[in-house]
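Worksheet for the structure shown next.
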Amino acid sequence: MASASQPGEDIVVSPGSAMQHWQSEASAQLDRALRRAAPTRTDNKNAIVQIAFTRDANGRATDLEFVNREGGWFERSTAKRAVRSLDNLDEVPVTQSDEVYFLANIIFANDQRSHDQLKDRLAQMETARLAENSPRSQYIALGY
């Protein structure tokens, strides 16, 4: 993976497999936190909740900010608690001296059909985000 925080900065390269492994582990931790938050709730709104954040010195999520306006109170608060539970952000395989920015993509769906539709829409959203020439295109994505 190659990334640069600001235009004109050096690009830092990490082995793709190390980043993919870390993203997989962090996404699994996020999924477990979401399941603990509402294991039997089925009346949530179908939504993609996106939260941008950074990490503190202890590898915990800080400066959480909702990127989109989807989801109701339950979905947004559940997503926020799950992101705050991440404790391995200091292990992300980058060597940047500046802040590292993350984007948690969390799908809430009432059934498999809705989940599949939201997953397809999220894939399109991520493709567009990565194609942007903006700081957001450099965020490390977690979730789907």
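The values are calculated or read from the model by the stated rules, or taken from the named source; none is laboratory data. Here the structure is a predicted model, which is why all the values come from computation and not from measurement. Cβ atoms come from the backbone with ideal geometry, glycine included; neighbour counts cover every protein chain shown. Only protein heavy atoms, including side chains, enter the accessible area calculation; ligands, DNA and RNA are left aside. Shrake-Rupley method; radii C 1.70, N 1.55, O 1.52, S 1.80 Å.
Could you list, in sequence order, the residues of the stretch 70-91 that are in contact (Cβ under 8 Å) with a residue 60 or more places away in the chain and crowded, with 19+ Cβ neighbours inside 10 Å?
LEU86, LEU89
Return the total of residues in the stretch 74-99 being in a helix (DSSP H, G or I) and of a type in the set (Val, Ile, Thr).
Residues flagged as in a helix (DSSP H, G or I) and of a type in the set (Val, Ile, Thr) within the stretch 74-99 amount to 2.
Listed residues ALA52, ALA4; which is open to solvent by less than 100 Å² (accessible area, probe 1.4 Å), at pLDDT 85 or above and not polar (S, T, N, Q)?
From the options ALA52, ALA4, the qualifying one is ALA52.
ASP31 - would you say it is of a type in the set (D, E, K, R) and either modelled with pLDDT under 95 or in a loop (DSSP other than H, G, I, E, B) (or both)?
yes
I want to confirm something. Restricting to the stretch 100-116 and keeping residues that are in contact (Cβ under 8 Å) with a residue 12 or more places away in the chain and assigned to a loop (DSSP other than H, G, I, E, B), which single residue is most open to solvent (accessible area, probe 1.4 Å)?
Among residues in the stretch 100-116 that are in contact (Cβ under 8 Å) with a residue 12 or more places away in the chain and assigned to a loop (DSSP other than H, G, I, E, B), the one most open to solvent (accessible area, probe 1.4 Å) is TYR101.
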